[in-house]
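The values are calculated or read from the model by the stated rules, or taken from the named source; none is laboratory data. Remember, it's a predicted structure, so these values are computed and weren't measured experimentally. Cβ: placed from backbone, ideal geometry, glycine included. Neighbour counts: every protein chain shown.
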């Protein structure tokens, strides 16, 4: 399963975001380092389910469908808050960084209202510049990667030169524990314009490489949290393709209201429907969310962050394998039972192996259910494809 790290300095709403996204119950408090051990849970990427298109009622097994919207599971890890110089072991830095080893990408929770200082202590709205938080987290990860490389860099670089090996292969072996692939290392070396001879790489070039490899292997999406409390001009200053206005507290409140039967709301919706009588406090809470979150930003941003990370930052697609191309079901009659997330550019054979090794090894051909065409192993898949695989 894809893993996404929820990161940021202490006291910015990381755990509230995690709870809203996973509906878990990790401890939440208004002081630094509430989260010491990493919280793990499952959050869901939202995509259109084909069930409505085909007029069917689906029976998902590895995901869930709510009114034609398929929610695909993603592993989330909420780690201890990061403070400046964490890569030197300050705060819970080493643990934080180790917890992120297998994360495919990061959602960086930033207090866009500027009401927490660099250590995570509460201060007045606008008294801290969120730009500093964005910069420092990126730098901490860069220095962490650089530190891992420096431990035996001279020996590694010399061995690479003497044996005539490509540095990307040796680095891929060294950084495999971080989930960093050789292709990402190649791209980082190219973009950093580094010398072909690694023995010529200076300290600043190692840091430059670490920065580029972080961008390739651990891309970051920014959740501009507490956006409902921030002046709109401050939010707009940071808002962009991968920086999304967010109110994790509003999303969590809505999820709890759904649990208690007060409202009808699906994660990612831009409104909610009241189902039963509310007391004055509940009314005021929902009115606040309507006015300061939905009217200003269109949603709480939590689901948008997840979807943007999965489908844009990680460039994944959702594909539905079925065993019966006519009824769109498995052998037990479950309609559209499974959905798999695959990298964009994946082929039918990639899907076959993802479903089961035997299906990949015994692959004969496949059928694109929508077009009814027979497709081969190298047929490139598109988001939302429904595929029937025929194997020995």
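Among the residues here, residue 333 does not qualify as at pLDDT 95 or above and either touching a helix residue (DSSP H, G or I) at 6+ places or on another chain (Cβ under 9 Å) or in a strand (DSSP E or B) (or both). The criterion of being touching a strand residue (DSSP E or B) at 6+ places or on another chain (Cβ under 6 Å), surrounded by fewer than 19 Cβ atoms within 10 Å (Cβ to Cβ) and not in a strand (DSSP E or B) does not hold for residue 327. Looking at the stretch 372-392 only, could you name the residues that are farther than 18 Å from residue 318 by Cβ, at pLDDT 95 or above and over 30 Å from the mean Cα position of the chain (by Cα)? Of everything in the stretch 372-392, those that are farther than 18 Å from residue 318 by Cβ, at pLDDT 95 or above and over 30 Å from the mean Cα position of the chain (by Cα) turn out to be 372, 373, 374, 376, 390, 391.
Taking the condition part of a helix (DSSP H, G or I), assigned by TED's automatic domain parsing to the domain that holds residue 135, touching a residue at least 12 places away in the same chain (Cβ under 8 Å) and touching a strand residue (DSSP E or B) at 6+ places or on another chain (Cβ under 8 Å), does residue 286 pass?
yes
Only one entry of 322, 310 meets the criterion of being touching a residue at least 60 places away in the same chain (Cβ under 8 Å), farther than 17 Å from residue 104 by Cα and buried (at least 21 other Cβ atoms within 10 Å of the Cβ), and that entry is 322.
Pick from the stretch 289-301 the residues that are in contact with a helix residue (DSSP H, G or I) (Cβ under 6 Å, 6 or more places away or on another chain) and not in a loop (DSSP other than H, G, I, E, B): which of them is nearest to residue 231 (Cα to Cα)? The qualifying residue nearest to residue 231 (Cα to Cα) is 293. The listed residues are 327, 304, 315, 283, and the only one of them that is out of contact with any helix residue (DSSP H, G or I) (no Cβ under 7 Å at 6 or more places or on another chain), modelled with pLDDT of 95 or more and closer than 16 Å to residue 247 by Cβ turns out to be 304. Condition check for residue 301 on (1) surrounded by fewer than 18 Cβ atoms within 10 Å (Cβ to Cβ); (2) on the phi > 0 side of the Ramachandran plot; (3) within 24 Å of the chain's Cα centre (by Cα): one failure, at (1). When residue 133 is tested against the conditions (1) in a helix (DSSP H, G or I); (2) under 30 Å from residue 13 (Cβ atoms); (3) out of contact with any strand residue (DSSP E or B) (no Cβ under 8 Å at 6 or more places or on another chain); (4) in contact (Cβ under 8 Å) with a residue 60 or more places away in the chain, the lone failure is (3). For residue 54, the criteria (1) crowded, with 19+ Cβ neighbours inside 10 Å; (2) modelled with pLDDT of 80 or more hold in every case but one, which is (1). Of all residues in the stretch 1-19, those being assigned to a loop (DSSP other than H, G, I, E, B) and closer than 17 Å to residue 71 by Cβ number 2. Here residue 210 does not qualify as surrounded by 17 or more Cβ atoms within 10 Å (Cβ to Cβ) and without any contact (Cβ under 8 Å) to a residue 24 or more places away in the chain. Residue 364 passes every criterion in (1) without any contact (Cβ under 8 Å) to a residue 60 or more places away in the chain; (2) not in a strand (DSSP E or B) apart from (2). Selection over the stretch 166-194 of residues that are surrounded by fewer than 13 Cβ atoms within 10 Å (Cβ to Cβ) and in a loop (DSSP other than H, G, I, E, B) gives a count of 1.
Taking the stated definitions as given, is residue 249 outside the structural domain of residue 153 (by TED's automatic domain parsing), in a helix (DSSP H, G or I) and touching a helix residue (DSSP H, G or I) at 6+ places or on another chain (Cβ under 7 Å)? Answer is yes for this residue. Put simply, of 256, 237, 215, 229 the only residue that is free of Cβ contacts under 8 Å to residues at least 24 places away in the same chain, out of contact with any strand residue (DSSP E or B) (no Cβ under 7 Å at 6 or more places or on another chain) and closer than 21 Å to residue 132 by Cα is 237.
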